[in-house]
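Please treat every number below as a calculation from the coordinates, not as lab data. Computed from a predicted model, the values in this text were never measured in an experiment. Backbone-built Cβ (ideal geometry, glycine too); neighbour counts: all protein chains shown.
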Amino acid sequence: MGRAVSAPQRQVIFERAQRDHTAAEIASDLGLRAATVRRLIRRFRARGPAGLAPGYARCGSHQTKRADPELIADAARLRREHPTWGAGLIRVILGERHPGRALPSERALQRAFVRAELTPAPAGRRPAAAPRRATRPHQTWQVDAAEQMALADGRQASWVRIADEATGAVLATAVFPPRVLEWRAGRRDPGRPAPGLRPLGDARGAPGG
C-alpha cells in the first residue's frame, strides 16, 4: 500500500489545482506520484472542499472479500496438525482441497496463524529423512575397524570386523598386530654411501664416458 497523503499536502494540492497547476508539477514539488495527485484532483473536483478529508472508513473494507473464513479455518486446522508446514505449502494444499475457489494469499494465511496464536514454521527446508536401515540379511554390511588397542599384557593389536546391518550378526573378524602405516627409510650412518652407489673419488685422466 502506498504512503498516505497528509492533510497539509492535500490542502496544497487542492489550492494549486484551483490555480490550474498540473498534476505533474504538484507531484514533483511535493515528492508524490503523479497518479496519486491526479486521483486527488479528480476527487476535489467531484466533492469540492469535502474531498480533503481522508476516507479512512473504507480502509480494509475489501479484506473480508479476499479471505474466505472457511478456508482460513481449514488452513489453521492444517497448521495445528502439521506445525512444520509453512503458509505457502498450506495454500497449495487448500487449492487441491477446494478447486475453483479464491484462495487467501500467503500473507493472509500468515496473519491468520498469528491471530490464532500458532507458532511460526521453522525457516528453510525441512531436513532430509534419515537413511533407512537394511531390512533383510546381507542387504547392507557394516565395516568397523580399530587400531593400536591396548591388551592386558601391554601389547597392542588392531582389528577389522564385518557385520550384517539387518541382523547384527558378525560375519568376519581379523585381528593383527599394529603395522607401520607409512614407509620411512631406516636410520643409516650418513658417512656411508647408499646401497648401489659407488664411492666418489678423483676423476680418471681419460674418462671413457
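Packing, as the average of other Cβ atoms within 10 Å across residues, places the peptides 76-88, 132-144 in the order 76-88, 132-144, highest first. Approximating the spin labels as points 7 Å out from Cα along Cα→Cβ, the Arg115-to-Thr173 distance works out to 6.7 nm. Estimated at 0.36 nm per residue, the fully extended path between Arg77 and Ala50 surpasses their Cα-Cα distance by 5.1 nm.
In this structure, the amide hydrogen of Leu171, modeled 1.01 Å from its nitrogen in the peptide plane, lies closer than 5 angstrom to those of Ile162, Ala163, Asp164, counting only residues at least 5 positions away or on a different chain.
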